[in-house]
1. Give me the angle, in degrees from 0 to 90, between the Cα long axis of helix 213-227 and the longest principal axis of the Cα atoms of the chain, rounded to the nearest 10.
2. Can you compute the modelled spin-label distance between residue 274 and residue 81, with each label point 7 Å from Cα toward Cβ, in nm?
3. Which whole-angstrom value gives the distance between the alpha carbon centres of segment 146-212 and segment 65-107?
4. By how many nm would the segment from residue 38 to residue 281 grow when fully extended, if each residue of separation counts as 0.36 nm and the alpha-carbon distance is taken off?
5. Just to be sure I understand: of the beta bridges DSSP finds with both ends in the chain, what percent are antiparallel, rounded to 5?
6. In nm², what is the average projected area of the convex hull enclosing the Cα atoms of segment 170-238?
7. What relative contact order, as a whole-number percentage, does segment 170-238 give when Cα pairs under 8 Å and 6 or more residues apart are counted?
8. Evaluate the distance, in nm, between pseudo-label points positioned 7 Å from the Cα of residue 186 and of residue 109 along their respective Cα→Cβ axes.
């Protein structure tokens with residue numbers, strides 16, 4: 001298929017991430033920099049397994065690689081030839097202008113590749129997927145700028161446009177979530193939902209005190225809806241919101257403690273979970289219900305103690 005005429009054409013560009021030295025040399029020797037060569041070469045799939053990375057699953061390799069290595073998947077040399085292809089792969093990235101690759105699919109760019117939805121340009125698509133998972137390649141310029149290990153970055157106009165659309169959609173949805181939570185906040189137990197959101201957004205709700213506490217909490221939640229809408233939306237959809245809130249509250253008041261990824265009871269040294277997922281499972285396990293009741297009672301005592309301390313401080317300041 002002619003990739004120029006294809007209505008599904010999707011062009012991305014891989015650029016070099018400018019280094020300080022390149023910036024200095026550009027001013028003094030622009031011709032030299034324009035001729036300098038830098039390539040995206042082979043890499044290990046993982047740091048422990050000595051397998052050359054391709055960025056493709058084996059099923060994808062069986063679909064695409066016969067078109068590049070002239071060897072069918074049924075051939076016993078297929079894996080060896082695929083290995084050789086990626087072990088010797090070098091995608092040259094010219095200085096400043098970068099390397100353009102056609103990554104569009106013949107029928108639907110939003111669907112996965114298949115026999116009926118092949119890449120418009122197989123070689124370009126394979127080079128793109130290889131680069132996408134390369135440890136030295138960032139998925140965007142902003143990611144590259146914040147990581148000293150990245151030497152290249154991908155500029156994908158369609159992905160950036162999609163991201164902008166998603167941000168707008170997330171902001172609208174997050175504002176709807178905020179207004180819904182605000183509407184219910186004055187009802188019985190309504191403030192609890194506000195507390196759940198703020199706690200899981202890394203806010204310590206104990207700092208919101210006095211007669212305007214709820215209003216201050218809602219202001220803070222609105223701020224998150226505007227600045228971190230995706231996080232607010234994700235929490236709203238989280239079916240384990242209440243359980244996560246319980247665990248985080250216990251951590252905040254010192255009943256539980258986070259040590260690396262583990263959640264432990266510091267008094268007994270018992271591991272509640274080696275991960276957040278395991279800690280959630282522990283809390284939801286009926287076998288631990290008696291302990292959980294005890295932990296919740298201690299949470300209430302801790303929160304009441306904090307409230308009394310705040311009242312005492314306020315009274316002292318007034319006198």
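Derivation of every value follows stated rules applied to the coordinates shown; laboratory data play no part. Being a predicted model, the structure only gives us computed values, none of them experimental. With ideal geometry, Cβ positions are generated from the backbone for all residues, glycine too; neighbour counts draw on all protein chains shown.
1. Around 0 degrees separate the two axes.
2. Those two pseudo-labels are separated by 4.3 nm.
3. 41
4. Using 0.36 nm per residue and subtracting the Cα-Cα distance, I get 82.6 nm.
5. 90
6. Spelled out: convex hull of the Cα atoms, projected over all directions, averaged, 4.2 nm².
7. Computed value for segment 170-238: 47 percent relative contact order.
8. Distance between the two pseudo-spin positions: 4.9 nm.
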